[in-house]
Amino acid sequence: MALLQRKNRIEEDNGNIFWVTMSDLMLGLAIIFITLFVLAMTGFNQKSVQQQRVKMEVAKKIETELQKQNINAHVDRMTGDLKIPSSALFEVNSYVLKPEGKVFLDKLTPIYVNTIFSSKKLVDNIDSIIIVGHTDSQTFAGVDSINEQFIRNMDLSTKRANSVAAYMLEGKYKPEFNEGFRHMITVEGRSFNDLILNSKGQEDMAQSRRVEIKLKVKDWSIATFFGLKI
């Protein structure tokens, strides 16, 4: 009987040790997870603030230089994105740069590329430079289907973005920035998906027809933060 009781106590102790060990393990894992989460979130916040600060500094530089050259391009002071009226670059329904459009880009390109790539802090955080074409919602003659209208405008907006990208790549910016610019540049057409509205909520056709040059910063994950490769 005594031997049986002793055996039961040993089994109970072993069971308790198992559960204590598992509890300690789970608690340890929870503490590690919380610590990593806090560190990661803090790092993300700091990284976001740093990226935003650098983009605002670059936006200010670009805006100042454009004003000196009397270049009509709106600069978003928070993001550094540029909006160029299509009328400054193209004739109606055309994706071929007009002479005035080439002069415009001859002035714009070195200012933009040299300012962007002179900032190593910004370049290290850039994923891509996206040139986006936009149209208004005016219809093409003889086309009744809204979907066909959309596709026709998609084609026009994409070709306009591509024309701007091709001309900018051949611009007179510093030669050492060519590879980086070529690697990052991409084009996109948006048709009339992103119309600009006036104060009455109606489409502003003149402003809707535009080309935008946008900076896309790199996405950050916990793996990226800790330098892990997955």
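Observations, loosely collected:
- Protection proxy ranking for 139-146, 96-103, 61-68, using the average of other Cβ atoms within 10 Å per residue and placing the highest first: 61-68, 96-103, 139-146.
- Anchor K68: lysines whose Cα lies under 16 Å away (excluding residues fewer than 8 positions away in-chain): K60, K107
- Potential lengthening between E203 and Q138 on full extension [0.36 nm per residue; Cα-Cα distance subtracted]: 22.4 nm
Rule-based calculations on the coordinates, nothing more; no lab input. Here the structure is a predicted model, which is why all the values come from computation and not from measurement. Backbone-built Cβ (ideal geometry, glycine too); neighbour counts: all protein chains shown.
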